[in-house]
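Shown next, in structure tokens, is the structure this report addresses.
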Amino acid sequence: MARGDDWTSRIDGIVVRITGAQAVIDALRREGIEYVFGLPGTTIMHLLDALAEQDEIRYIPTRHEQVAAFMADGYARGSGQLGVCMASRGPGAANLAIGLHNSYAESVPVLALVGQVADEIYYREAFEEMDLVKFFEPVTKWSMEIHKSSRIPELVQRAVRTALGGRPRPTSVSIPLDVQLEELDGVGVQTRFRHRHPVPQASDVRAAVELLESSRSPVILLGGGSLTSRSHEAVVGLAEALQIPVVTGWLRKDAFPNRHNLFLGSLGFGAVEVTDELVREADVLLSVGGRFLEIDTKRWTLISPKTRIVQVDIDTEEIGRIYVPEIGLQGDARQTMEAMMQTLSGLRVDSGRLEERRRRCTRLRDRYEQEIHLPKHERESPVPSGAVVRALQDVLDGSSSIVVQDAATFGVWIQRYLLFDRPGTFYGAAGGAMGWGLPASLGLQLARPDERVINVAGDGSFWMVAQDLETAVRERIPVVNVVINNFAYGNTRDRQRSAHGGRYFGVFYGNPDFAQFARLLGAHGERVEHSEELAPALERAMQSGKPAVVDVIQDRFEGLPGDLAPLQAR
Ligand SMILES: Cc1ncc(C[n+]2csc(CCOP(=O)(O)OP(=O)(O)O)c2C)c(N)n1
Ligand SMILES: [Mg+2]
């Protein structure tokens, strides 16, 4: 869009002065923003007015600010665009914080727009006054406040670019009330600009390919960056061409087709032995867009000091932050993988070594398939977790669906046993926030309307945000929620069992009938007490075309797969 070609500030060629609030929305519109998720408050009423005056950006009101922030996060992940959330000063801003914390931990581009007390009365502890720049600093890439309306177009547009550029992360912009009312003319708007991703040096790419080709027991480890850059095809191509087994990071299991002969599992809590062993014994490890998480690396003990690392990352600061690589390739994962493929095509690959690797991969894959064999469950009611995995697998295999996993014990079952064939079909919150699932699913569903989003949440997690099922109904967002209902904070209950002498305290509670609750709000509701009811209930929920809740009743001690003790915090 050309400079000065704006929407609110010119009518028939005459410059009309606009308010700061209008300039904010105009700047978002210029950046191609499609949705704003928010909850009103005194200091953002003019921003709401400005949103109401236009019809390019859809505003979705939520029932809690954390939901607005999590929706922005889910929308950003599903669309690859910026997610925008909006809240008022003080309490509204504080409620947004959990969402930004999670997006920051997960490298998701979200912009938080927040109102602020007027500059006129600042620093007197005015009603709901809080230093928002400081407050958001630890959970944003850039936290700032605008004190002059004429700077709004420049700084809002820059906050958008900053969130999206390099390693994506949240930014926050707070705007005092009087700055929103202060008029400006349309001067200052800038064209929409996006940073290009860096491309690694050709000599480094060649060195990396040669190292991989000549290695004895190489492994490829895929992190979130490989998914966001859509490097899927190139990664499969490289792994096949060099016969290198592939593992993914925690909650990134969809980064490689799980039924592919070279796939050997997902790292993290619940990883099977062969997956860990492969990484432990690798002589060369190619990390693609990953961060060597505490959970993936078993608190940084899994990777041997002898392993030679090739690290691909978009962010210079990330390369060598934890492990110093032998070769660091700063670049977008897809472009880097493509460059590696290109280089490989000009090299001679030792066919004897390739054959040896192929045989090794087949042996490893056989072991992997045995280790992920779903254990047989002894009873049908209440519903065991294995039965839920089977039902979900059937849905995933038979439809175009996306599984979203909230923070809960059932996640370990997904991590081990559920198989994904396509990238972008599995999302989880590595930031750890309970309650992320439902709102993130709503955002994802808006971004990906042709697929059906299934949020799999613990009862504790679901009930943290359940009020926003009303948002789903009102805004017609047909997300299916499978609530794994063990009437407990199961994850914490299990810690009390294994590390606190079985002294259960503060972990059990009562729940309403979630199916009835759903129907009360106008959603579709199902209650499932026997395993055989699960598949038909899921089918009816999917077919209803409405937001739905499938309340899966479990034993109050149902939790991890049998062989696992809970992860202990130290
Ligand atoms: C916002 C937030 N508060 C607390 C925690 C700590 N925590 C992690 S899992 C969990 C219990 C989850 O319960 P539920 O959703 O019912 O899942 P379950 O473990 O029972 O399957 C708690 C309290 C957290 N991760 N996030
Ligand atoms: Mg529970």
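Every number in this text was worked out from the coordinates using simple rules, so none of it is lab data. Just so it is clear, the structure is predicted and the values come from calculations on it, not from any experiment. Neighbour counts are summed over all protein chains in view; Cβ atoms, including those assigned to glycine, are modelled from backbone coordinates with ideal geometry.
Details
- All conditions but one from (1) under 21 Å from Glu233 (Cβ atoms); (2) surrounded by 18 or more Cβ atoms within 10 Å (Cβ to Cβ) apply to Gly346; the one that does not is (2).
- Matching residues, region 355-411, being of a type in the set (Val, Ile, Thr) and either surrounded by 14 or more Cβ atoms within 10 Å (Cβ to Cβ) or under 22 Å from Asn491 (Cβ atoms) (or both): Ile372, Val383, Val388, Val389, Val395, Ile402, Val403, Val404, Thr409
- Among the residues of region 291-321, those identified as over 22 Å from the mean Cα position of the chain (by Cα) and hydrophobic (A, V, I, L, M, F, W, C) are Trp300, Leu302, Ile303, Ile309, Val310.
- The single condition from (1) loosely packed, with under 14 Cβ neighbours inside 10 Å; (2) assigned to a loop (DSSP other than H, G, I, E, B); (3) more than 16 Å from ligand 2 (Cβ to nearest atom) that Pro478 fails is (1).
- For Arg206, the conditions (1) under 32 Å from the mean Cα position of the chain (by Cα); (2) within 22 Å of Glu318 (Cα to Cα) are fulfilled apart from (1).
- Some residue of region 443-456 being under 16 Å from Leu521 (Cβ atoms) and either of a type in the set (Ser, Thr, Tyr) or in contact (Cβ under 8 Å) with a residue 60 or more places away in the chain (or both): no
- Residues that are within 16 Å of ligand 1 (Cβ to nearest atom) and outside any helix (DSSP H, G or I) were ranked within region 456-475; the one that is surrounded by the fewest Cβ atoms within 10 Å (Cβ to Cβ) is Gly458.
- When Arg161, Arg167 are checked against the criterion of being among the charged types (D, E, K, R), in a helix (DSSP H, G or I) and within 30 Å of Gly432 (Cβ to Cβ), Arg161 stands alone in meeting it.
- Being farther than 21 Å from Thr409 by Cβ and not in a loop (DSSP other than H, G, I, E, B) is a condition met by at least one residue of region 495-515.
- The residues of region 371-389 that are without any contact (Cβ under 8 Å) to a residue 24 or more places away in the chain and under 30 Å from the mean Cα position of the chain (by Cα) amount to a single one, His373.
- Some residue of region 413-428 being more than 16 Å from ligand 2 (Cβ to nearest atom), in a helix (DSSP H, G or I) and either aromatic (Phe, Trp, Tyr) or out of contact with any strand residue (DSSP E or B) (no Cβ under 7 Å at 6 or more places or on another chain) (or both): yes
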